[in-house]
1. Given V41, V61, which one is among the hydrophobic types (A, V, I, L, M, F, W, C), away from ligand 2 (no atom under 16 Å from the Cβ) and surrounded by 15 or more Cβ atoms within 10 Å (Cβ to Cβ)?
2. In this structure, does R172 turn out to be touching a helix residue (DSSP H, G or I) at 6+ places or on another chain (Cβ under 9 Å), open to solvent by 60 Å² or more (accessible area, probe 1.4 Å) and among the basic types (K, R)?
3. In the list Y121, Y161, Y169, which residue meets the criterion of being in contact with a Lys or Arg (Cβ under 8 Å, 6 or more places away or on another chain) and either without any contact (Cβ under 8 Å) to a residue 24 or more places away in the chain or hydroxyl-bearing (S, T, Y) (or both)?
4. Go through R188, R182 for me and flag whichever is open to solvent by 10 Å² or more (accessible area, probe 1.4 Å), out of contact with any strand residue (DSSP E or B) (no Cβ under 8 Å at 6 or more places or on another chain) and not in a helix (DSSP H, G or I).
5. Scanning for something under 16 Å from the mean Cα position of the chain (by Cα) and either at positive phi or of a type outside the set (K, R) (or both), does region 101-115 turn up at least one residue?
6. In region 16-70, what residues are among the acidic types (D, E) and within 13 Å of ligand 4 (Cβ to nearest atom)?
7. Scan region 37-57 and tell me whether some residue there is within 14 Å of ligand 1 (Cβ to nearest atom), at pLDDT 95 or above and over 13 Å from H251 (Cβ atoms).
8. Name, by its number, the condition in (1) open to solvent by 10 Å² or more (accessible area, probe 1.4 Å); (2) touching an Asp or Glu at 6+ places or on another chain (Cβ under 8 Å) that does not hold for G137.
Amino acid sequence: MSVVATTLDLHTHSTASDGLHTPTELVQLARQAGLTTIALVDHDTTNGLAEAQAAGATYGVTVIPGIEINTYLPQGRGEAHVLGYYLDTANPDLQHFLQFLRDARVKRGERMVALLREQGYDITWKRVRELAHGTIGRPHVALALMEKGYAESISDAFDRYISPGGPAYVPRFKMAPEDAVRLLRSVRGVPVLAHPMRLYGLEDDLLPRLMAAGLLGLECYYGEYDDATVEHLLALAEQHGLAATGGTDYHGPNVHPTPLGGRYVPPVAATRLRELADQLAHQPAPPFTPPTPAQ
Ligand code: AMP
Ligand code: MN
Ligand code: MN
Ligand code: MN
């Protein structure tokens, strides 16, 4: 399977969130990697899409508009990440809510830096802000820790300081995955559950609950998954009638192990997303009431 050259990568990040390449650089790299189509799914923002699409037109790469929204499962069961494709980025309610999520990330980032400083680490909020060109996330705090020699790599910084249970961990705004799915459907986006192997209870109650909220796809071809895992997820997608998508979660060199385009994704994955988006475009979009801010 992996010997077939891929033409798609439906999960990439840019400097609009925690990726290391600008949207233009990302498109140039996609072109060099022989990709014809990428989806840009920055965290809690669509701000990189216009640049990516303009670069896509220049370099002959189709850029599918997308987003990734990180949410929490109940009872401390960890995180669930929801991707949304072909969402209506012009919707003012969507943009208002995304701005709220990003503002909450700023407060959370400040708290993480304050916790680190209280513990004697010489990290400044000013520097973290400089490192983040868009949506602020833990990777920017990790970079600041690395710069000062407090960690050897981004993963090392996560392990030592900012993962759940770590000395400077602070959660984001607590949103349920069902709400992310509903938010995306309210703007005619195609919601897809990202890297699902991390999820506790996926096949028991989680997938049916998310499908009831409007989930339409499952990220089966993920960078780090071996062929047996991909096959398992493809069977699950088939069983539930979900579209099978995939990508590498590329953030830049040495962030995640898989290079851009380093996971085979069949072209039908993009065709299916497009078909679903076209169907949603002809249906009334269900309304969405944002969850009440608890923090
Ligand atoms: P946040 O959304 O701010 O909580 O940060 C989550 C992001 O950090 C994910 O989207 C990944 O890009 C990155 N991340 C999470 N865990 C790790 C890790 N162990 N090593 C490197 N990057 C990570
Ligand atoms: Mn990320
Ligand atoms: Mn994710
Ligand atoms: Mn991602």
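1. So the residue among V41, V61 that is among the hydrophobic types (A, V, I, L, M, F, W, C), away from ligand 2 (no atom under 16 Å from the Cβ) and surrounded by 15 or more Cβ atoms within 10 Å (Cβ to Cβ) is V61.
2. no
3. Of the residues listed, the single one that is in contact with a Lys or Arg (Cβ under 8 Å, 6 or more places away or on another chain) and either without any contact (Cβ under 8 Å) to a residue 24 or more places away in the chain or hydroxyl-bearing (S, T, Y) (or both) is Y121.
4. It is R188.
5. The answer is yes, given that some residue of region 101-115 is under 16 Å from the mean Cα position of the chain (by Cα) and either at positive phi or of a type outside the set (K, R) (or both).
6. Answer for region 16-70, where residues must be among the acidic types (D, E) and within 13 Å of ligand 4 (Cβ to nearest atom): D18, D42, D44, E68.
7. yes
8. Looking at each condition in turn, G137 falls short on (1).
The values are calculated or read from the model by the stated rules, or taken from the named source; none is laboratory data. Predicted model only: the values in this text are computed from it and were never measured. Glycine also receives a Cβ, built like all others from the backbone with ideal geometry; neighbour counts cover every protein chain displayed. The protein model used for the area step is the full one, side chains on, heavy atoms only, and it has no ligands, DNA or RNA in it. Shrake-Rupley method; radii C 1.70, N 1.55, O 1.52, S 1.80 Å.
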